[in-house]
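Data first, discussion second: the structure below is written as structure tokens.
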Amino acid sequence: MDAMTDTHPLPYLRRLDMNLLLTFDALMRTRSATASSALLHKTQPAISRDLARLRDRLDDPLLVVVKGRFIPTERALELHAAVQDALAQIESALRPAEDFDPARASGVVNIGTGAHSEILLAAPLLERLRRAAPGITLRFQSVHGDFVPDDLDAERLDIAIGLFGKVPARFHRDTLLRDRRVCVVSKAHPRAGQGALTLADLPRIRWFAFAQMYGRETNFDRALKPEAGRLEFSAYLSGFGITPYVLLDTDYATTMPASVAQVHGKHFPLAMLELPASLRKIEFVMVWPRRLHTSPLQAWLRGQIRDVLRDRAGGPGPADQRAAGLPDATSSTDPSSRLTR
């Protein structure tokens, strides 16, 4: 097939043995077959064969002998100007990675956060990076519902965190935090002192969800089957951050991880109600693409994220819980005995 009609990428490079470029670079640097053979640990006949093949491929003599020394043609000078930079970049890329120093790192990392996880993660992670890696900029973006690979595939996201179920095998995944789902209402809500909800209570409550969930089956819906039908939402909010403000001024309820409810409870007069057992179990999952798995920066940052959420898993201390009127996220005792009346 003529190279001009070849639709494959890099049609000329695919027809060329890369070793010929190494020989060409050595000859251009030394202008001597003897010196090039020593530099590349090849015999002089091997150097001559490489040069002959390259001349034939490029249809140019490239190097001509004048008074016992190679003199480059115009084509050789033009080619070497590009080749030496390309070889240097390839050599740099193949060099073993140096020890990662977060203090010297720079760039933007895009993190997709769902299921209120940004509330748990953002402040402590930003503080960690301010001290350890001030050159790194974090860009949080909201993700909702099931795991959608498009943003990671298209490199719009580097990491996604949420309550993801099925994740394609081409991605890496790690469970960050096991928590339980709870119902959260204002302390002025008629059910605030109830302690726990039954399945029969659920249809009698006004629930809100988030705009991206409209018309879609949610994790909550799947957990209800086959015990009950879909949970009906009568309002959809634009994002997680507005949640406590809407709860305070309405008789609506919503669900969230208990660890997130505890964070809200430090700042807002909210009450947490236990859900039926079949609806409680949730897991925060972190997902990232294979292309970033060995990146020193990304690996270090994933470790920081794990540390932050591990610290959060214990929840606030007893004094904080009593002040907030919220139970411990990891406790397994009778929920009715742990809720503020």
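The values are calculated or read from the model by the stated rules, or taken from the named source; none is laboratory data. A quick note: this is a predicted structure, and the numbers were derived from the prediction, not measured. Note: ideal-geometry Cβ built from the backbone for every residue, glycine included; neighbour counts use all protein chains shown. Ligands, DNA and RNA are stripped out before the accessible areas are found, and what is left, the full protein with its side chains, is counted by its heavy atoms. Shrake-Rupley method; radii C 1.70, N 1.55, O 1.52, S 1.80 Å.
For labels at residue 170 and residue 92 in the simple 7 Å Cα→Cβ model, what's the distance in nm?
2.9 nm
Determine how large the accessible area of residue 300 is when every protein chain is in place; take a 1.4 Å probe and give Å² rounded to the nearest 10.
50 Å²
Compute the length gained on full extension between residue 122 and residue 78: take 0.36 nm times their separation in residues and subtract their Cα-Cα distance, giving the result in nm to one decimal.
Answer, rounded to one decimal: 10.7 nm.
For segment 18-88 and segment 106-156, what is the separation of their Cα centres, given in Å?
So the two Cα centres are separated by 49 Å.
Taking one equal scatterer on every alpha-carbon of segment 97-179, how large is log10 of I(q)/I(0) by Debye at q = 0.11, 0.12, 0.15, 0.19 1/Å?
Debye curve over Cα of segment 97-179, log10 I(q)/I(0) at q = 0.11, 0.12, 0.15, 0.19 Å⁻¹: -0.34, -0.41, -0.63, -0.95.
For residue 207, which sequence-distant residues (separation of 5 or more, or a different chain) have an amide H within less than 5 Å of its own amide H, given hydrogens modelled in the peptide plane?
Answer set, sorted by chain and number: 234, 253.
Students often check this: by mean Cβ neighbours within 10 Å, which of 81-88, 244-251 ranks highest, and how do the rest follow?
Result, highest mean Cβ count within 10 Å first: 244-251, 81-88.
Once phi is turned into ³J(HN,Hα) by the Karplus curve 6.51 cos²θ - 1.76 cosθ + 1.60 with θ = phi - 60°, what whole-Hz value does each residue of segment 106-114 show in order, with x for glycine and proline?
Once rounded to whole Hz, the list reads 8, x, 10, 10, 9, 10, x, 10, x.
Leaving ligands, DNA and RNA out of it, report the carbon-plus-sulfur percent of the accessible area of segment 13-94 at a 1.4 Å probe.
On segment 13-94, the fraction of accessible area on carbon and sulfur atoms equals 54 percent.
For q values of 0.18 Å⁻¹, compute log₁₀ I(q)/I(0) with the Debye formula on a Cα-only model of segment 49-100, without solvent.
-0.70
Taking the Cα-to-Cβ direction at residue 199 and at residue 56 and moving 7 Å from each Cα, how far apart do the two end points lie in nm?
Taking the two extended label points, one gets 7.9 nm.
When 1/r is averaged over all different Cα pairs and the result inverted, which Kirkwood radius in Å belongs to segment 82-227?
Kirkwood hydrodynamic radius for segment 82-227: 19.5 Å.
Which value in nm describes the separation of the simple spin-label points at residue 13 and residue 138, placed 7 Å from the Cα toward the beta carbon?
Result for the modelled spin labels: 3.7 nm.
Averaged per residue, what accessible area in Å² does segment 13-94 show with a 1.4 Å probe, protein chains only?
Averaged over the residues of segment 13-94, the accessible area is 63 Å².
Give me the 1.4 Å probe accessible area per residue for segment 161-223, excluding ligands and nucleic acids, in Å².
48 Å²
Cα-Cα pairs above 14 Å in segment 149-208: how many percent?
70 percent
Over the Cα atoms of segment 13-94, each weighted equally, I'd like the Debye log10 I(q)/I(0) at q = 0.12, 0.13 Å⁻¹, rounded to two decimals.
Relative scattering, expressed as log10 I(q)/I(0), comes to -0.32, -0.37.
Tell me which of 35, 18, 62 sits at the most positive position along the dipole axis of segment 13-94, charges placed on C-beta atoms (Lys, Arg +1; Asp, Glu -1).
Going by the charge dipole, the pick is 35.
Viscosity 0.890 mPa s, temperature 25 °C: Stokes-Einstein D of segment 178-282 from its Kirkwood Cα radius, in µm² per second?
For the chosen part, D equals 177 µm²/s.
Based on the mean of other Cβ atoms within 10 Å per residue, sort peptides 265-277, 186-198 so the most packed one is first.
The most tightly packed comes first, giving 265-277, 186-198.
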